[in-house]
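Read through the structure below, which is laid out as structure tokens, and then see the notes.
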Amino acid sequence: MGLSPLESGLTTFPQAIGVAMMVQPVGRLYRRLGPRRMMMTGMAGAAVITLSSCWSISTQASVDPADHARAGMVLRLHARYICQPPPTQR
């Protein structure tokens with residue numbers, strides 16, 4: 001894409017915000033729902049988000065692809081983070 005190191009870092013930075021937003025809710029959901037339901041929900045969500053991101057990028061040529069990439073990364077990260085066990089359990 002020809003981005004500078006700063007632009008590349010700013011493009012992927014929203015993932016760090018996504019991780020910070022998902023740590024607490026995933027811990028609570030893990031205890032309540034269990035690993036199997038969380039895994040199925042997270043994988044299905046990641047698949048739907050990936051397909052919708054690909055479709056929107058292919059149909060909307062006027063929008064900057066980097067904006068789609070940022071939004072897709074954050075949303076996919078939310079869905080994938082649900083699939084992982086929480087970092088700490090009480």
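No lab work stands behind these numbers, since they all come straight from the coordinates. What you see is a predicted model; the values in this text were computed from it and never measured. In this analysis, Cβ positions are derived from the backbone assuming ideal geometry, glycine residues included, and neighbour counts consider all displayed protein chains.
Being out of contact with any Cys (no Cβ under 7 Å at 6 or more places or on another chain), surrounded by 13 or more Cβ atoms within 10 Å (Cβ to Cβ) and under 15 Å from Met73 (Cβ atoms), is that true of even one residue in region 22-38? Scanning region 22-38, I find at least one residue that is out of contact with any Cys (no Cβ under 7 Å at 6 or more places or on another chain), surrounded by 13 or more Cβ atoms within 10 Å (Cβ to Cβ) and under 15 Å from Met73 (Cβ atoms), so the answer is yes. For region 49-63, the criterion of being surrounded by 11 or more Cβ atoms within 10 Å (Cβ to Cβ), closer than 14 Å to Cys83 by Cβ and in contact with a helix residue (DSSP H, G or I) (Cβ under 7 Å, 6 or more places away or on another chain) is satisfied by at least one residue. Among residues of region 29-51 that are at negative phi, those with a Cβ under 7 angstrom from a residue that is among the charged types (D, E, K, R) and part of a helix (DSSP H, G or I), sequence gap 6+ or separate chain, pair up as Gly42/Arg80; Ala46/Arg76; Ala46/Arg80; Ile49/Arg76; Thr50/Arg76.
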